[in-house]
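For reference, the structure is listed below as structure tokens.
The values are calculated or read from the model by the stated rules, or taken from the named source; none is laboratory data. Computed from a predicted model, the values in this text were never measured in an experiment. Cβ: placed from backbone, ideal geometry, glycine included. Neighbour counts: every protein chain shown.
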Amino acid sequence: MTGRQDLFDESMRLGHSAAWDLQWVRAIEFYRKALAEFPDHPTALTSLALALLETGELKESFATYRRASQVSPEDAIPVEKMADVQERLGQLKEALELREKASDLYIRERNVEKALDNWNHIARLQPENLATRSRLALTYERLGRPKEAVREYLAVASVLQKLGRNERAIESAQRALTLIPGEPEATAALRVLREGKLLPPPIQPRGATAPLRMAQVKEFIHAEEPASTSETDLEAGNAVDPEVAAQRQALTILAGMLFDEPQDAVTGKLGTPGMNALTKGEKGADDKGSGRPQAYRYLGQAIDLQTHGHTMQAAKDLARAIDSGLDHPAAHYNLGLLYRELGDEEGARKHLMGALGHPELSLGANLALGRMARANGDLPEASRFLLQALRKADSLSVEESQSSQLSQLYDTIQASQNVGDTQALSQIVENTLSFLSGPEWLKRLRLARQQLTAQRHGSGVVPIAEMLAVGGTDRVIQSMARIDELTDRGLLGSAAEEAMLALQSAPTYLALHQRLADIMLKAGRTEQAIEKLRVIAETYIIRGDGAQSIEIFTTILAHSPVDIPIRLRLIDLLSQQDRLDEALHEYLELSELYKQMAEIDEARKTLAEALRLAQRSSVDRGRSVEILHQMGDIDLSRLDWRRALRVYEQVRTIDPADDKARHNVIDLNLRLGQEDQAAKELDSYLQLLVESGRNQQALDLLEEMAREHPGKQTLHTRLADAYRAAGRKADAIAQYDALGEIQLDAGQAEAAARTIQTILSLDPPDSEGYRELLRNLEAGQ
């Protein structure tokens, strides 16, 4: 069944637009809609595959590229991209086979340079691949590139000698000398061969070796796995201790970074960095930019050394990579474990702390820090890190809708711990370590959650920490239930008393403080409640829970929308968490608030800050247009025409079809006496309207402009021409007549004469009067 072409075209257009803005999830959605219409469309398939690759969905990306290759078997690009994906998966053998196939397809397309790229890629990963080095040598020779051909013939000679085919090796070296007679390396190689000595190994073509590093990491991980480990468990990291699983994930992330290595880093030249994950555009992006090529080199060396068991040197090179700009949690986590292995506990703690915020490494980092604290006899610190590790692990066992409730319960547990109760702390530490250690930890986690679910009454969730006999929390949890019950019954005083009693047992439990603030709000004590909520939000920020503080600040604003400091704090937090669309919404709300307070300068300043945020992010460009329009409205209201013109010119650049912006750019140029520039803008806009079939709108625009700016030659000329084209002769003559009057008043006799000639060509009713006027003008000249 044939799909609808219009739906396909629109979906592809929207997909490309989203991809251009780096909104890959949206791009995937639109490309899938396009494929729903035409499932075998090659461009749609390769576009979807690229978007999946950008979001890290490697296996689905590979399958989509494979489908594209099946649909277009002569197209080399999907095959080449399949090889890229397999390299990222560490499947080097399969990737090299696909590189060979891609090269053959490029040769059939007569795209020799792309074939060379793939052969060189193979040679970097397999320097002793005789077939590839031979093809490179012959191709370079045929292309008249003797220097590269000599390099490859010498590589062929080295491989042949290693295979025991010395005569063929000598022939290859001699072939190199026929291309560049007397070439030093070829001459030396021939002499070594004739003397029966060994040639050095083949030189790798210059370029990135990220696939080799990824393959090394995969082999390193596989070598550590017990023989009984299933492939499913191996992929999920379920068969190992969480700390070890996190280290493997960190190594995989670090190896993946090398795929973003720019060519400048490979050749040693300084240039635009390409490692997206290196600094993520955050602090240090400018001041450490010159060190990033070294960061790649040190990172590659560190991975190579670590996967070969050279812990000390691997740690040194990874530390150098971090010093050169590699500020990523995966690097800090891996270095932290290396330092711990080397006995440097201070360095280990510092770098493990740097990995606590990463969602895939946090469990391992907290567990490692807890183990170190326990080994040093610091039970309070050990319990803090281990309970945080247990919180992360437990979150894997519940539905997403229960995560927030579970997190609050763990807050209860941590807040109610008595640091002076050594026996209780020891119980927490030992039980948690026993639960999370070893390859069976995930099975224990699943079993524990099953048991708790079976015992549960109602819809609540019970933390696994309760099963581990973490004492002191039952009382607080029961108090929370009573507080909720009393509040629901409207007994606010009793609920507040219950909350105050519970706080004596858990004075640092923020959810309990929040319950008390909610009671205050219900009781009409708004100012006290807002102050308490503000303190709670700031405390969550200190604890690193920005998402929770955002929710509280939003609650405050719902009850006190004019609290500007709170709104500014909320904007800052939203920006930090890359919730940019929400941050921009709050900026617009703040600007509106300033306008209501007649603080126009502050309103415009707020909009300018919002615009800077929108322009440096990947939010929809429509947001920038919305902000600019509000800025322009303010400038117009203050008669600041030049500033308004600059604003609307930006809108016109972003969206040429924005009617309001186009109208204002023309209007403001006319008001500023810039008639020539106004004419250019008007002609451009009229062309756009006519090409889009909006002829009447073009004519309406000219009539409106002529009314608003009487006496402007630019407008009367174009309006007269438009009337003439539309067959409205009388209106055209009236406009030409007005134009002639303007030209005469301005002393432009020649221009006025030409205008009268145009009027006469229209056969006006009073043609004799126009001819008399024309004769007088010509006589006067």
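Looking only at helices (runs of 4 or more DSSP H) that fall completely inside the stretch 479-556, which ones have 1 or more residues that are assigned by TED's automatic domain parsing to the domain that holds ARG391, in contact with an Asp or Glu (Cβ under 9 Å, 6 or more places away or on another chain) and crowded, with 16+ Cβ neighbours inside 10 Å?
Values: elements: 492-505, 510-522, 526-542.
It comes to none.
Sort out which residues of the stretch 596-618 are touching a Lys or Arg at 6+ places or on another chain (Cβ under 8 Å) and of a type in the set (Gly, Ala, Ser), and write them in order of number. Let's see the steps before the verdict.
At the first step, the residues of the stretch 596-618 found to be touching a Lys or Arg at 6+ places or on another chain (Cβ under 8 Å) are 600, 603, 614.
Result: ALA603, ALA614.
Here are some conditions: (1) surrounded by 12 or more Cβ atoms within 10 Å (Cβ to Cβ); (2) in a helix (DSSP H, G or I); (3) modelled with pLDDT under 70. ALA465 meets all but one. Which one does it not meet?
Single failed check for ALA465: (3).
If you check GLU113, GLU167, GLU97, which single one turns out to be closer than 28 Å to GLN249 by Cβ and free of Cβ contacts under 8 Å to residues at least 12 places away in the same chain?
Values: GLU113 fails: closer than 28 Å to GLN249 by Cβ; GLU167 fails: closer than 28 Å to GLN249 by Cβ.
Selected residue: GLU97, the only one of GLU113, GLU167, GLU97 that is closer than 28 Å to GLN249 by Cβ and free of Cβ contacts under 8 Å to residues at least 12 places away in the same chain.
Name the pairs: first residue in the stretch 333-348 and in the same structural domain as LEU369 (by TED's automatic domain parsing), second residue buried (at least 16 other Cβ atoms within 10 Å of the Cβ) and charged (D, E, K, R), Cβ to Cβ under 8 Å, at least 6 apart or on different chains?
GLY336/ARG349; LEU337/GLU243; ALA348/ARG340
Select from the stretch 673-701 the residues that are surrounded by fewer than 14 Cβ atoms within 10 Å (Cβ to Cβ) and not in a helix (DSSP H, G or I) and list them in ascending order.
The answer is GLY673, SER692, GLY693.
Let me spell it out: the conditions are (1) surrounded by fewer than 18 Cβ atoms within 10 Å (Cβ to Cβ); (2) in the same structural domain as TYR410 (by TED's automatic domain parsing); (3) modelled with pLDDT of 85 or more, and GLN423 meets all of them except one. Which number is the exception?
(3)
Could you list, in sequence order, the residues of the stretch 552-599 that are within 30 Å of GLN23 (Cα to Cα) and small (Gly, Ala, Ser)?
SER575, ALA583, SER591
For the stretch 624-659, which positions are touching a His at 6+ places or on another chain (Cβ under 9 Å) and either at pLDDT 90 or above or closer than 29 Å to ARG567 by Cα (or both)? Working first, answer last.
Taking the stretch 624-659 and keeping what is touching a His at 6+ places or on another chain (Cβ under 9 Å), we get 647-648, 651, 658.
Residues satisfying the conditions are VAL647, TYR648, VAL651.
Identify all residues within the stretch 353-386 that are out of contact with any Lys or Arg (no Cβ under 7 Å at 6 or more places or on another chain), more than 15 Å from ASP241 (Cβ to Cβ) and aliphatic (A, V, I, L, M); write none if there are none.
Once the filter is applied, which keeps residues that are out of contact with any Lys or Arg (no Cβ under 7 Å at 6 or more places or on another chain), more than 15 Å from ASP241 (Cβ to Cβ) and aliphatic (A, V, I, L, M), the stretch 353-386 yields MET353, ALA355, LEU356, ALA373, ALA375, LEU379.
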